[in-house]
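Chemist: Okay, here's the structure, questions in a sec.
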Amino acid sequence: MTDSRTVGPSDGKATAACLLAALAVLSVGPTVRPSHAQDTLPIGYGTLKRDDIVVRFATDQLEIQILPLAEYVIRLLAPDTYRSLEQLLKTKGRELSGAAQRAGVERPTLVMVTFFGLLPQARFSPEDVNVTSRGRLFRPVGFVPLSPRWSSYQLEAHEQAVAIYLFEDGISFREGMTVSYQGLANDSWTGVLPTLDRERARVMARASLQPKP
């Protein structure tokens with residue numbers, strides 16, 4: 001079934017923004033080669049916000065947010081947001097490479113997953129976030145935590161736990177997909193695809209108007 005409930009804790013979003021900013025100043029390590037890393041789309045012409053593309057749904061205790069980190073997707077975000085995410089991936093590159101190596105996956109698909117606590121002592125289970133794409137079920141093969149609360153598996157109200165998930169290659173963000181968690185399913189990515197297509201066309205148009213070097 002599809003859970004249509006939507007909640008938006010503004011303080012959680014602010015914390016996420018601060019987290020990205022803090023990570024951006026850390027030392028940069030070697031980067032993993034994510035699936036579909038190459039993209040011909042010019043960088044720096046996107047205008048989308050994270051909220052325009054994030055998949056979110058809620059249980060009784062948690063809100064879950066899913067943000068694909070494929071270049072096809074994040075190059076459509078506003079330049080500051082794109083640079084923050086790219087810097088984040090570089091910063092965590094050594095850990096991502098290690099997680100991919102342990103899983104035996106050469107070109108992982110990367111997804112940022114955020115759990116927001118809606119109630120005190122809200123429990124979350126990282127392994128229960130799955131993605132169905134092209135008729136195939138993908139389970140996470142590794143995690144790189146971005147917040148100290150990740151290992152606790154429990155959140156207080158308004159707290160969050162964030163991690164980059166690694167999946168095997170094969171998830172297509174250019175098509176509809178379904179995200180599931182403990183019996184709940186959300187296929188709202190299908191509704192995001194027209195937004196991505198429109199913005200991609202606009203990005204190409206903006207780039208074409210720039211003077212040739």
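The values are calculated or read from the model by the stated rules, or taken from the named source; none is laboratory data. If you're wondering where the values come from, they're calculated on a predicted model, not measured in any experiment. Counting neighbours? That spans all protein chains shown, and the Cβs are built from the backbone with ideal geometry, glycine included.
Chemist: When the residues of the stretch 34-64 are narrowed to those that are among the β-branched types (Val, Ile, Thr) and assigned to a loop (DSSP other than H, G, I, E, B), which ends up modelled with the lowest pLDDT?
Modeler: Result: THR40.
Chemist: Moving on. Tally time: how many residues in the stretch 139-153 are touching a residue at least 60 places away in the same chain (Cβ under 8 Å) and either within 13 Å of VAL129 (Cβ to Cβ) or hydroxyl-bearing (Ser, Thr, Tyr) (or both)?
Modeler: 1
Chemist: Considering only the stretch 60-76, I want to know if a residue exists there that is among the polar types (S, T, N, Q) and closer than 23 Å to SER172 by Cα.
Modeler: yes
Chemist: Further question on the same structure: Return the pair list, or none, for Cβ contacts closer than 7 Å from residues in the stretch 77-95 that are under 20 Å from LEU193 (Cα atoms) to residues that are of a type in the set (Ser, Thr, Tyr) and not in a helix (DSSP H, G or I), at least 6 apart or on different chains.
Modeler: ALA78/THR47
Chemist: Filter the stretch 96-115 down to the residues that are of a type outside the set (A, V, I, L, M, F, W, C) and without any contact (Cβ under 8 Å) to a residue 60 or more places away in the chain, then identify the one that is surrounded by the most Cβ atoms within 10 Å (Cβ to Cβ).
Modeler: Only one residue fits best here, namely GLY98.
Chemist: Residues that are within 15 Å of the chain's Cα centre (by Cα): list the strands (runs of 3 or more DSSP E) wholly contained in the stretch 149-213 that include at least 2 such residues.
Modeler: 160-167, 177-181
Chemist: Quick one: which residue in PRO211, PRO194 is closer than 30 Å to THR59 by Cβ and surrounded by fewer than 16 Cβ atoms within 10 Å (Cβ to Cβ)?
Modeler: It is PRO194.
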